[in-house]
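Asker: Have a look at this one before I ask anything.
Read the figures in this text as sums done on the coordinates, not as results from a lab. Model, not experiment: these values are computed from the prediction. So basically every Cβ, Gly included, is an ideal-geometry build from the backbone, and we count neighbours across all protein chains shown.
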Amino acid sequence: MAADIDSVNHVGLVVADLSAAAARFEAMGFTLSELSMHKGATEPGRPAEPFGSGNRCAVFPKNYLEIVAHVEKDKRDVFVGKYLSRFEGMHIICFNSPALAGADARLRAAGIGTSGVIPLQRDVATAEGTRTAKFDCVHFAEAQSPEGLVQAAHHLTPQYIHQARHVAHANKCTALSNAYVVADDVAAVAARYAKYTGRAPRKAGAAMVFDFPLVSRVTILPQSELDAELPGAPRHRLPYMPGFAFATADLGAVTGHLDRARIPYARARGRVVVPASACFGAAIAFEAA
């Protein structure tokens, strides 16, 4: 078992209207970070350049949700338009790696194409003023991950992302706890994620689940299980990413916010689930921490 992937660092919800999506998440009781614009290199060894994409994030002590859109239309759109042309919703799973160069070498040895280690950065607001958050990232070969953008990252300045003023949420959520992938051949996709993560999954009914030691898990399931697991999840060409889950210390705090904002939800397997139709194309589950 490899030790170079220890968690789901973040998932990405790709939206057309960042302001509208941010307002919906704030209504659900999340504290969001301020707008932050992306900069990055297109290949190893090249300097970072400004992109037109930007995000606002629901940040937790060890991971986060990224809500991303193409904000500055006069700047390069690296990926947002491409994914929106498929559907609005979840398109990104990023693993956390404390040893990114080693993970990149392991992936290549396992037959997974990668971008190599490339630098990314974005300016973020802090209590002390604007600071530059820096990351190293490895994108996994797009042709081998048709469900979306799968990657691994190492944060060089985590203090600028996991700021204390952002990690407390009125809905008592404490972590991004699950990322879902729907597949027609669960075993084959799980075998690919075993190569991605260097970990073996556990079987959970018809699903395969990857548990990580730091925080979070990835669940790969067939579409036949989707309504039971994530009622109101979207339907797209397989494979795809239908949604994600948060851990909360108080499900009542979650439903209180949803009720006040008149956001619909269902209950499934002891969790509260907001349908994709109410949350920009991704089904969102809230589960007891």
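Asker: Determine the sum of side-chain charges near residue 22: Lys and Arg each +1, Asp and Glu each -1, restricted to other residues whose C-beta is under 15 angstrom from that of residue 22. Intermediate values should be presented prior to the final figure.
Answerer: Working: positive: 24, 56; negative: 17, 26, 34, 66, 88.
Combined, the nearby Lys, Arg, Asp and Glu give -3.
Asker: Does the stretch 45-190 come out rounded, prolate or oblate by the C-alpha gyration tensor, with a ≥ b ≥ c the root eigenvalues, rounded set by a/c under 1.5 and, if not, prolate when a/b is larger than b/c and oblate if not?
Answerer: Note, shape of the stretch 45-190 comes out rounded.
Asker: Can you tell me the relative contact order of the stretch 46-171? Whole percent, Cα pairs under 8 Å, sequence separation 6 or more. Could you put the intermediate results ahead of the total?
Answerer: On the way: 197 pairs, mean separation 30.7, N = 126.
RCO, the stretch 46-171: 24 percent.
Asker: Which of 118, 93 has the fewest other C-beta atoms within 10 Å, and how do the rest follow up to the most? Working shown, then result.
Answerer: Working: 118 20, 93 26.
Fewest to most other Cβ atoms nearby, the residues stand as 118, 93.
Asker: Based on the alpha-carbon gyration tensor of the stretch 1-85 and its eigenvalue square roots a ≥ b ≥ c, which shape applies: rounded if a/c is under 1.5, prolate if not and a/b is larger than b/c, or oblate? Before the final figure, lay out each step's value.
Answerer: On the way: a/c = 1.94, a/b = 1.03, b/c = 1.89.
Oblate.
Asker: Would you mind pulling out the separation of the Cα centroids of the stretch 194-231 and the stretch 99-129, in Å?
Answerer: Answer, in whole Å: 23.
Asker: Oh, and also: Please report 114, 219, 157 as a ranked list, fewest other C-beta atoms within 10 angstrom at the top and most at the bottom.
Answerer: Working: 114 18, 219 21, 157 13.
Taking fewest neighbouring Cβ atoms as first place, the list is 157, 114, 219.
Asker: I've got another one for you. Looking at this model, which pairs from 75/134; 82/195; 134/195 are more than 23 angstrom apart at the alpha-carbon? Please list the in-between numbers first.
Answerer: Values: 75/134 20 Å; 82/195 26 Å; 134/195 26 Å.
Where the Cα-Cα span goes over 23 Å, the pairs concerned are 82/195; 134/195.
Asker: Under a Cβ-Cβ cut-off of 15 Å, what is the net charge of the residues other than residue 8 that fall near it, where Lys and Arg count +1 and Asp and Glu count -1?
Answerer: On the way: positive: 62, 199, 217; negative: 4, 6, 66, 147, 211, 287.
Result for the neighbourhood of residue 8: -3.
Asker: May I ask what percent, to the nearest 5, of DSSP beta bridges between residues of the chain are antiparallel? Could you put the intermediate results ahead of the total?
Answerer: Values: 56 of 78 bridges.
That works out to approximately 70 percent antiparallel.
Asker: What value, in deg cm²/dmol to 500, does the helix sum -39500 (n - 2.57) over DSSP H runs of n ≥ 4 give at 222 nm once divided by the residues of the chain? Mind showing how you got there, number by number?
Answerer: On the way: 7 runs with 56 residues, N = 289.
Here the helix-only value at 222 nm equals -5000 deg cm²/dmol.
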